[in-house]
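The values are calculated or read from the model by the stated rules, or taken from the named source; none is laboratory data. Quantities reported herein were computed from a predicted structural model and do not represent experimental measurements. For neighbour counting, all protein chains shown are included, and Cβ atoms are generated from backbone atoms with ideal geometry for every residue, glycine included.
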Amino acid sequence: MTALDFDEISAEDVSRNFGRRRAVSRITFRARRGTILGLLGPNGAGKSTLLAMLATVLRPSAGVIRYGTLGTSAGPALRARIGVLGHDLFLYPELTARENLVFFAGLYGLADADARARGALAKAGLDTRSEDAVAGFSRGMRQRVALERALIHDPRLALLDEPFTGLDDASTELLVRRLRDLREGGAIVIVATHDLDLAEGLLDRAIFLRDGRIVQSVESPGALRATYRRVIGRAGA
Amino acid sequence: MMLRAIWLIVRKDLTVEVRSRELAYTTLFFAVSCVLVFAFSLVQEGRAAEGVGAGVLWMAIMFAGNLALGRTFERERQSETLRALMLVPAPRPAIYLGKLAGIVVLLALTEAILVPLVALLFQAQLLAHPFWLAAVVATGTLGFAAVGTLFAAMLVRARSRDVLLPVLLYPITVPVLIAGVRATVAIAQPDFEAEVVRFWLALLVAFDVVFITLALWTFEPVMTD
């Protein structure tokens, strides 16, 4: 398997139905390398469904997603360049933090899995807890391990669903710095979040979703909360 | 990459099991209880009717196997780790084979206790031809687990998965049950007939080849929504 590279991700008229319910409707956008794109919207707006399609685990019912010039048929080579932090953390609670990361590093085909895992845990500030089972971690600590799991293979495309959940101030600051580093490193970062205060100043572009549709797309967004209230409505803010 | 991924998944499953011991205890306790209940009701004056031991052995294996299959995928569902496995660049059939191997190892450990227990309680000569018996039990377990692993993975997000798994699994694995029981009965006979055992063993091998091939072929499409 050869890992491929791409400079851009694009979605064209992408829709996804679950039975008769349309979760995502005719979404079109592009994001280039070195960009942090925010998906903002209330619960049920379609953010997680859109991320799942970008991650290749859900097939669009209609429309096309392209990674550079390639479609999702690129399979394993494409998956090797995508990192996903889900709402669920994708960690085995019985395994230690290090074992979780070594396991996933191995599945991503990384040669120095143990060294990578230790390096990742140091970045997360969890090197002293590396041999503790994840089951004993707080939500914030698990979130930090999960983020490192998602990024352990230096993905070109990082898809993060509510990455700030459960993090204290110091960890949030660490995560913001990590996302900026990813952007500087040329990754495409797509973040679905409700946390408008944290998203402010971090995002290069924001897409506002409601009922599965894009209701507004803003370049270099400022005053996110005001924009959110205007386009989504006060109830969701 | 394929073999490495299979090994990593098997090792992970066994490590999790060694730490929690949840599946081993549940499966073994259930299987042994099953055998004991039937022994109390079917063994009269230290003897059971011919072939009863073989039937009880295979029934315990299949019931315990269903329990193990459900629980092992429930673990992958709880933190959505099955989705994480579907996101890695390893070939998807490797994920299937890794999970299958983990289940087979667990069932093999259960069978290592079940077989002597059934032989003892039912006074069945199961261990008279240990290599034949090992071949029959191994191929039967593999066939049952091959179908069960595919169905359990498919049903992992279904709300009524606990009901649906046995409903789908048992009818399809009836050939395994019949071949397993007939071959085990033949092995336990005082006048051992290798031809009969060979016939049922060939059927089990054919079942394994067909269903593992089908599962490898269908695992990726059925796991991508």
* Asked: Counting only residues that are of a type in the set (D, E, K, R), at the interface with chain B (Cβ under 10 Å from one of its Cβ atoms) and within 19 Å of the chain's Cα centre (by Cα), which one in region A:76-124 is surrounded by the most Cβ atoms within 10 Å (Cβ to Cβ)?
  -> A:ARG79
* To do: Among the residues of region A:190-237, write down those that are in contact with a helix residue (DSSP H, G or I) (Cβ under 6 Å, 6 or more places away or on another chain) and of a type in the set (D, E, K, R).
  => A:GLU200, A:ARG225
* Does region B:127-181 hold any residues that are modelled with pLDDT under 95, farther than 21 Å from B:GLY102 by Cα and small (Gly, Ala, Ser), and which are they? -> B:ALA128, B:ALA158, B:SER160
* From the residues in region B:209-225 that are in contact with a helix residue (DSSP H, G or I) (Cβ under 7 Å, 6 or more places away or on another chain) and within 14 Å of chain A (Cβ to nearest Cβ), which one is surrounded by the most Cβ atoms within 10 Å (Cβ to Cβ)? -> B:PHE219
* Asked: Residues of region A:61-75 being within 11 Å of chain B (Cβ to nearest Cβ) and either within 18 Å of the chain's Cα centre (by Cα) or at positive phi (or both), which ones?
  -> A:THR72, A:GLY75
* Asked: Which of the residues spanning region A:186-201 are more than 17 Å from A:ARG79 (Cα to Cα) and either in contact (Cβ under 8 Å) with a residue 24 or more places away in the chain or β-branched (Val, Ile, Thr) (or both)?
  -> A:GLY186, A:VAL191, A:ALA192, A:THR193, A:HIS194, A:ASP195, A:LEU196, A:ASP197, A:LEU198, A:ALA199, A:GLU200
* Structure fact -> Note: among B:ALA84, B:ALA90, B:ALA49, B:ALA101, just one is assigned to a loop (DSSP other than H, G, I, E, B) and under 30 Å from A:LEU78 (Cα atoms), namely B:ALA90
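Any residue at all in region B:131-142 that's farther than 28 Å from B:THR72 by Cβ, surrounded by 15 or more Cβ atoms within 10 Å (Cβ to Cβ) and of a type in the set (A, V, I, L, M, F, W, C)?
For region B:131-142, residues farther than 28 Å from B:THR72 by Cβ, surrounded by 15 or more Cβ atoms within 10 Å (Cβ to Cβ) and of a type in the set (A, V, I, L, M, F, W, C): present.
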* Looking at (1) in a helix (DSSP H, G or I); (2) at pLDDT below 95; (3) small (Gly, Ala, Ser), which is the only condition B:ALA124 fails? -> (1)
* Which ones in region B:66-82 are modelled with pLDDT of 90 or more and facing chain A (nearest Cβ under 8 Å)? -> B:THR81
* Structure fact -> Across (1) assigned to a loop (DSSP other than H, G, I, E, B); (2) buried (at least 22 other Cβ atoms within 10 Å of the Cβ), A:LEU50 clears everything bar (1)
* Out of curiosity, is B:ARG4 in contact with a Gly (Cβ under 9 Å, 6 or more places away or on another chain), loosely packed, with under 15 Cβ neighbours inside 10 Å and at the interface with chain A (Cβ under 9 Å from one of its Cβ atoms)? -> yes
* Taking the options B:VAL52, B:VAL16, B:VAL56, name whichever one is surrounded by 17 or more Cβ atoms within 10 Å (Cβ to Cβ) and either charged (D, E, K, R) or within 14 Å of chain A (Cβ to nearest Cβ) (or both). => B:VAL16
* To do: Could you please tell me which pairs satisfy a Cβ distance under 9 Å, a separation of 6+ or placement on different chains, a first residue in region A:141-161 that is farther than 22 Å from A:LYS47 by Cα, and a second residue that is of a type in the set (Ser, Thr, Tyr)?
  => A:MET141/A:SER171; A:ILE152/A:TYR108; A:HIS153/A:TYR108
* **Residue pairs meeting the criteria (Cβ under 8 Å; at least 6 apart or on separate chains; first of a type in the set (Asp, Glu), in region A:80-109; second part of a loop (DSSP other than H, G, I, E, B))** => A:ASP88/B:SER79; A:ASP88/B:GLU80; A:GLU99/A:TYR92
* Quickly run through region A:15-44 and pick out the residues that are among the hydrophobic types (A, V, I, L, M, F, W, C) and within 19 Å of A:ASP197 (Cα to Cα). => A:ILE36, A:LEU37, A:LEU39, A:LEU40
* Asked: Quick one: B:ARG157 ticks every box in (1) surrounded by fewer than 19 Cβ atoms within 10 Å (Cβ to Cβ); (2) closer than 23 Å to B:TRP7 by Cα; (3) of a type in the set (Lys, Arg) bar one, so which box is it?
  -> (2)
